[in-house]
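Peer 1: Quick one: structure below, then a few questions.
What follows is calculated from the coordinates using simple rules that are stated; it is not laboratory data. This is a predicted model, so every value here is computed, not measured. No Cβ is skipped: glycine too gets one built from the backbone with ideal geometry, and neighbour counts run over all protein chains shown.
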Amino acid sequence: GNPLVDSVQIVVLAAPIVQIDSAGPLCENVGAQQLSASPTGGIWDGDLGAVDPSGLFNPIFGPQFSPYAVWYSITDTNGCSASDTLLIEVLTSPLPDVIEPLVLCPYDSIVQVMATPPGGSWSGDVDGQGNFDPSMGSGAYWGLYTVTDTNGCSGSSPATITVLDAIQAQLSPAGPFCADAADAFLWATPFFGTYGGAADSLGYFSPQSAGPGQHLVTYTYTCPGCCPTTDSLLLTV
């Protein structure tokens, strides 16, 4: 009539203590960021696939869905599991805009490359204010305009500057002419330019038609992809 008695020992195991290290706010254009947590060896997951299982955070949808929830879970050797969650804010980065293309001639004055929003900084073949000197010669040049906002997020936009060739037009010296002299052809290089002033379109000067005095002749040369140049000559009859 004695009762049977048995006993069992129940061991309650402590769950792992999991903590995700602080991250963010992050600028949208900083690229993928590696998250960290302790203890190591767990698995990551998050909103909209923003983090891969290894903890690489890459919010491809940008600030539109910020903040992003990420969580980290781990199971220890006893089979006990725990997790932690973190909200990561993604900030909008500036989107500067450069007004281009910019095509110049070597004889143009110094120009300031225009960009928005104001308050940024320049680097490259321009000075800190975006000024460019075309007298550097023909060729392709570049500048980079960078804006940093109050959150510390930055954005950049490139500028392409092209300086065209300018082949100098040149009139050969001529005269003085007698008032009754025959028409004279005025030599100029490069060929196939345009005559103006006291010369006709073919490059002839008529002392008889012009009469005594001084007469201005011009010659302008241009070609595809180059800048026009002009030379002038004062002829005496």
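Peer 1: What distance in nm separates the simple spin-label points at GLN214 and GLN19, each placed 7 Å from Cα in the Cβ direction?
Peer 2: If labels sit at GLN214 and GLN19, their model points lie 9.0 nm apart.
Peer 1: Sequence-distant or interchain residues sharing an amide H contact under 5 Å with SER36, placed H: which?
Peer 2: ASP21
Peer 1: For log10 I(q)/I(0) by the Debye sum over Cα atoms at q = 0.10, 0.12, 0.14, 0.18 Å⁻¹, pick the label among (i) -0.74, -0.86, -0.96, -1.16; (ii) -0.42, -0.62, -0.87, -1.54; (iii) -0.59, -0.81, -1.00, -1.29 that corresponds to the value derived from the coordinates.
Peer 2: Computed from the coordinates, log10 I(q)/I(0) by the Debye sum over Cα atoms at q = 0.10, 0.12, 0.14, 0.18 Å⁻¹ corresponds to (i).
Peer 1: In sequence order, what are the phi-derived ³J(HN,Hα) couplings for segment 223-230 according to the Karplus relation 6.51 cos²θ - 1.76 cosθ + 1.60 with θ = phi - 60°, rounded to whole Hz, with x for glycine and proline?
Peer 2: 8, x, x, 9, 8, x, 10, 9
Peer 1: Return the calculated 222 nm mean residue ellipticity for the chain, to the nearest 500 deg cm²/dmol, obtained by summing -39500 (n - 2.57) across DSSP H runs with n ≥ 4 and dividing by the residue count.
Peer 2: 0 deg cm²/dmol
Peer 1: What's the whole-number percent of alpha carbon pairs in segment 170-236 lying beyond 14 angstrom?
Peer 2: The calculated P(r) of segment 170-236 puts 53 percent of pairs beyond 14 Å.
Peer 1: 7 Å from Cα along Cα→Cβ at both ASP52 and VAL111: what's the point-to-point distance in nm?
Peer 2: 4.5
Peer 1: Could you go through segment 88-94 in sequence order and give the Karplus-derived ³J(HN,Hα) for each residue, using 6.51 cos²θ - 1.76 cosθ + 1.60 with θ = phi - 60°, rounded to whole Hz, and x for Gly and Pro?
Peer 2: Calculated HN-Hα couplings, in order: 10, 8, 10, 9, 6, 9, x Hz.
Peer 1: Shifting gears a bit: Just order 3-9, 180-186 by mean Cβ neighbour count inside 10 Å, highest at the front, would you?
Peer 2: Taking the mean over residues of other Cβ atoms within 10 Å, the ranking is 180-186, 3-9.
Peer 1: If I model a spin label as a point 7 Å beyond the Cα along the Cα-Cβ vector, how far apart are those points for SER172 and SER7 in nm?
Peer 2: 12.6
Peer 1: Hey, if you drop one equal point scatterer on each alpha-carbon of segment 19-91 and run the Debye formula without solvent, what base-10 log of I(q)/I(0) do you get at q = 0.20, 0.26, 0.27 Å⁻¹?
Peer 2: With no solvent term, the Cα-only Debye profile gives -0.75, -1.17, -1.25.
Peer 1: Let me ask something else about it. What does the extension gain come out to for PHE191 and TYR204, with contour length at 0.36 nm per residue minus their alpha carbon separation?
Peer 2: So the extension gain works out to 3.3 nm.
Peer 1: Where the centroid of each part is defined by its Cα atoms, how far is segment 141-197 from segment 67-138 in Å?
Peer 2: About 34 Å separates the Cα centre of segment 141-197 from the one of segment 67-138.
Peer 1: If you don't mind, there's one more thing I want to ask. Along segment 10-24, what does the Karplus equation 6.51 cos²θ - 1.76 cosθ + 1.60 (θ = phi - 60°) give for ³J(HN,Hα), rounded to whole Hz, x for Gly and Pro?
Peer 2: Each residue of segment 10-24 in turn: 9, 9, 9, 8, 6, 6, x, 9, 10, 9, 8, 5, 4, 8, x Hz.
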